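What follows is one structure encoded as structure tokens, with my remarks underneath.
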Amino acid sequence: MSIMNQNKSNELYKISSKYFPGGVNSPVRAFKSVEGTPLFIKKGKGAFITDVDGNKFIDFCASWGPLILGHNHPKIRKAVVKASKNGLSFGAPTLQENELADLIIKNNKYLEKIRFVSSGTEAVMSAVRLARGYTKREKIIKFEGCYHGHVDHLLVKAGSGLVTFGSSSSAGIPDAFVQETLVLPLNNRKAVEEAFKQYKNEIACIIIEPIPANNGLLLQDKEYLQFLKETANANGSLIIFDEVISGFRVGFEGAAGYYEIQPDIVTYGKIMGGGMPVGCYGSSAKIMSSIAPDGDVYQAGTLSGNPVAMSAGKAALTVLAEEDFYQDQEKRTQVFVNKLKSHISKKGYNLYISTIGSIFWMVYGNNGKIQAPDQINDEAGKYFKAIFKKLLNRGVYLGPSGYEVGFISSAHSTKILNKAADQIIAALDEVDVEIGLK
Ligand SMILES: *Cc1c(COP(=O)(O)O)cnc(C)c1O
């Protein structure tokens with residue numbers, strides 16, 4: 001297998017390192033955890049991306065999730081070009097906002113009103129403020145192993161006890177903020193009960209990724225999610241489903257629809273913008289009436305509801321709302337995953353694959369179902385790094401960190417997935433020879 005040429009990417013990275021911290025505008029792009037230098041991408045089409053050196057890859061990163069229709073989908077591109085002809089932004093209401101909201105709300109029984117923002121982080125930040133404003137309480141519960149964007153209160157990791165305030169996972173977070181966030185272990189009911197007992201009438205909300213997909217894919221049980229909802233509500237608290245990654249991925253109604261659980265507030269991002277920077281949060285009309293200008297919870301955005309971004313979102317979601325879209329996605333994903341699984345079990349490799357909808361995650365260490373980060377093998381990173389590098393040389397691009405899941409788009413045909421699976425199998429066999437996978 002020839003080692004690919006990365007000269008132009010390396011040159012650009014030298015320059016970008018002068019301009020940006022770590023040479024990038026979002027940390028994981030820097031390839032630190034795989035100890036490489038990032039590829040600069042020139043273009044994408046369907047399931048493929050091509051870098052500035054002309055290397056072409058089957059892409060499973062999908063811009064970290066948004067591109068469920070693949071790269072440069074003609075319907076989205078057309079909508080963007082059409083909308084841009086009338087101007088790029090007005091800071092005044094437009095028809096496009098109504099159209100996208102119509103599509104979302106009419107096809108989602110868990111929402112009555114929404115507010116558009118420009119990123120997932122912004123959606124989550126606003127949703128937490130809404131929960132606090134609505135309940136008039138300050139403390140929040142989050143879970144170790146869930147990511148909610150770079151919101152101050154949510155960049156907090158667990159402390160040592162079952163129910164303790166954590167410590168910040170970033171410099172620059174005031175201790176006073178950390179003191180408002182309880183970080184609990186996933187899949188642990190006792191911790192939740194204990195938290196509500198200790199902080200009775202103080203907890204505004206529980207926030208969870210109902211399908212945790214930012215620290216590997218840590219699938220929770222429906223009964224546990226239901227328990228969280230019931231416990232929160234029984235204590236006068238709200239539950240926020242952060243569906244920035246799962247929304248429009250496991251179904252048009254996201255994880256709420258998949259598990260049939262009514263969250264109090266939902267956040268979306270990623271897919272709903274069709275590749276443009278869009279997020280939203282939503283809830284019942286009653287809870288949303290707390291938001292300004294109807295209510296006293298302030299939240300605003302100069303570029304919120306941007307007409308070009310709204311048009312991209314509408315074009316994308318129109319395709320997702322078509323019959324059988326999600327069944328088809330899941331079917332192709334299952335065939336792909338089963339092919340990998342059967343090779344792994346035939347060879348006796350110590351690897352585990354979890355999957356839901358069109359998401360998959362392969363990790364070293366096989367102790368059965370992984371539902372919390374502390375179940376992930378300590379050596380997983382080492383093996384991911386080896387597999388990742390082999391795959392780049394074999395024309396398969398994964399998100400450059402072992403904690404990132406793989407995304408399958410509608411452009412990943414059975415034929416492309418078959419080819420990708422062959423390359424992954426070959427890469428695993430090579431890694432097995434070099435450092436052992438059993
Ligand atoms: C990606 C993500 C975010 C943050 O969204 P950005 O658009 O990157 O700000 C928040 N929550 C979840 C669950 C995510 O996956």
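Hey, any idea what % of the range 157-216's accessible area is carbon plus sulfur with a 1.4 Å probe? Ligands and nucleic acids excluded, carbon and sulfur give 48 percent.
With the full set of protein chains in place, find how many percent of the accessible area of the range 16-103 is carbon and sulfur; take the probe as 1.4 Å. Ligands and nucleic acids excluded, carbon and sulfur reach 56 percent.
Scoring 418-424, 208-214 by mean Cβ neighbours within 10 Å over their residues and listing the highest first yields 208-214, 418-424.
For ALA30, the shell of other residues with beta-carbons less than 15 Å away shows a net charge of +3, using +1 for Lys and Arg and -1 for Asp and Glu. For the range 335-407, trypsin sites (Lys or Arg not before Pro) are listed when DSSP marks them as loop and at most 14 other Cβ atoms sit within 10 Å of their Cβ; the list is LYS369.
Proximity of backbone amide H atoms, modeled 1.01 Å from N, is registered between CYS280 and VAL117, TYR268, GLY269 at under 5 Å, excluding neighbours fewer than 5 places apart on the same chain. For the pair PHE325 and SER17, label points projected 7 Å from Cα toward Cβ lie 4.2 nm apart. Counting only whole DSSP H helices of the chain, the ones at least 30 Å long by C-alpha along their axis and with mean Kyte-Doolittle hydropathy no lower than -0.5 are 414-435.
For the chain, the Kirkwood estimate of hydrodynamic radius, built from reciprocal distances between every pair of different alpha carbons, is 22.6 Å. Dipole magnitude for the range 170-329: computed about the Cα centre from +1 point charges on Lys and Arg Cβ and -1 point charges on Asp and Glu Cβ, it is near 200 debye. With the simple spin-label model, which puts each label point 7 Å out from Cα in the Cβ direction, the ILE435 to ASP175 separation comes to 3.9 nm. Extents of the range 250-388, largest first, come to 60, 35, 30 Å (Cα atoms, principal axes, whole angstrom). Here the spin labels are modelled as points 7 Å beyond Cα on the Cα-Cβ line, and at GLU112 and ASN366 they lie 5.0 nm apart.
Select from the range 279-369 those GluC sites (Glu not before Pro) which occupy a DSSP coil region and have at most 12 other Cβ atoms within 10 Å, ordered by residue number. For GluC sites (Glu not before Pro) across the range 279-369 that sit outside H, G, I, E and B with at most 12 neighbouring Cβ atoms in 10 Å, the list reads GLU322, GLU323.
Among residues other than ILE68 whose Cβ falls under 14 Å from its Cβ, what is the net charge (Lys/Arg +1, Asp/Glu -1)? Summing Lys and Arg as +1 and Asp and Glu as -1 gives -1. Taking every C-alpha pair closer than 8 Å and separated by at least 6 residues, the mean separation divided by the residue count of the range 258-320 gives a relative contact order of 36 percent. With 0.36 nm allotted per residue and the present C-alpha distance subtracted, the SER284-SER26 stretch has 89.6 nm of extension available. In terms of distances greater than 25 angstrom between alpha carbons, the cross-link table entries LYS142/LYS369; LYS45/LYS331; LYS43/LYS82; LYS346/LYS390; LYS43/LYS390 yield no pairs at all. Going 7 Å from the Cα of LYS382 toward and past its Cβ, which residues in the range 420-438 have a backbone nitrogen under 14 Å from where you end up? Only 432, 434-438 fall inside the zone, counting backbone N under 14 Å. Largest accessible area first, the listed residues PHE20, PHE116 line up as PHE20, PHE116 when surface is computed with a 1.4 Å probe on the assembled protein chains.
The length gained on full extension between ILE105 and SER160, counted as 0.36 nm times the residue separation minus their Cα-Cα distance, comes to 15.6 nm.
Can you list which of the GluC sites (Glu not before Pro) found in the range 219-290 are DSSP loop residues with at most 16 other C-beta atoms within 10 Å? Sparse-neighbourhood loop GluC sites (Glu not before Pro): GLU260.
Hey, for a label at GLN226 modelled as a point 7 Å past Cα toward Cβ, could you say which residues of the range 232-271 have their backbone N under 16 Å away? Residues passing the 16 Å test: 232-234, 256-263. Rounded to the nearest 500, the helix-only mean residue ellipticity at 222 nm of the chain stands at -11500 deg cm²/dmol, with each DSSP H run of n ≥ 4 adding -39,500 (n - 2.57). Relative contact order, whole percent, for the chain stands at 21, derived from Cα pairs under 8 Å and 6 or more residues apart.
Solvent-accessible surface of the chain, taken per residue with a 1.4 Å probe and all protein chains present: 44 Å². Note on the range 47-166: with charges restricted to the Cβ of Lys and Arg (+1) and Asp and Glu (-1), its dipole about the Cα centre is near 440 debye. Overall, the accessible surface of the range 297-438 at a probe of 1.4 angstrom is composed of carbon and sulfur to the extent of 50 percent. The alpha-carbon of LYS347 sits under 18 angstrom from the alpha-carbons of these aspartates and glutamates, leaving out residues fewer than 8 places away in its chain: ASP422, ASP429, GLU430, ASP432, GLU434. Relative contact order, whole percent, for the range 1-50 stands at 30, derived from Cα pairs under 8 Å and 6 or more residues apart. Cross-link reach is defined here as a Cα-Cα straight distance under 16 Å, omitting same-chain residues fewer than 8 places apart; for LYS109 the aspartates and glutamates meeting it are GLU243, GLU253, GLU260, ASP264.
Taking a point 7 Å from the Cα of ARG77 along the Cα-to-Cβ direction, the residues of the range 23-56 with backbone N closer than 19 Å to it are 41-52, 54-56.
The values are calculated or read from the model by the stated rules, or taken from the named source; none is laboratory data. As the structure is a computational prediction, the values presented were derived from the model and not from experiment. We place every Cβ from the backbone using ideal geometry, glycine too, and count neighbours over all the protein chains shown. Accessible surface is based on the protein model in full, side chains and every heavy atom, while ligands, DNA and RNA are left aside. Shrake-Rupley method; radii C 1.70, N 1.55, O 1.52, S 1.80 Å.
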